[in-house]
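Below is one structure, written out as structure tokens; comments come after it.
Since every read-out is calculated from the coordinates, none of them should be taken as a lab result. Nothing here was measured: the structure is a model prediction, and the numbers come from that model. Glycine gets a Cβ as well: all are built from the backbone with ideal geometry, and neighbour counts include every protein chain shown.
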Amino acid sequence: MRADYHAQVYFEGEIYPTSAHAYYAAKTIDPNIRRRIMKAPTLSEMYSVAKTLESPEGWDQRKCKLMEKI
């Protein structure tokens, strides 16, 4: 499935509209940013929020396992 395919994804107690929403929300622990990503009505708006995030320490090592989980 494509990351931008509109299929709800349950991740860490929340339902995201796409796996891309869940993936980018996982890059932060800030609940307000996660909520903004989750509630973004379009992928374009979600990416606008997500591109402001810095990758957390160890992200490159964790992201593949995270994608499998999502």
**Q.** Selection of chymotrypsin sites (Phe, Trp or Tyr not before Pro), segment 1-34, meeting DSSP coil and at most 12 other Cβ within 10 Å
**A.** Tyr5
Q: Compute the distance in nm between two label points, each set 7 Å from the Cα along the Cα-to-Cβ direction, one at His6 and one at Lys63.
A: 2.6 nm
Q) Out of residues 5 or more away from Phe11 or on other chains, whose amide H comes under 5 Å of its own, with H placed 1.01 Å from N in the peptide plane? A) Tyr16
(Q) If I stretch the segment between Lys39 and Thr52 completely, what's the gain in nm (0.36 nm per residue apart, minus their alpha carbon distance), one decimal? (A) 3.1 nm
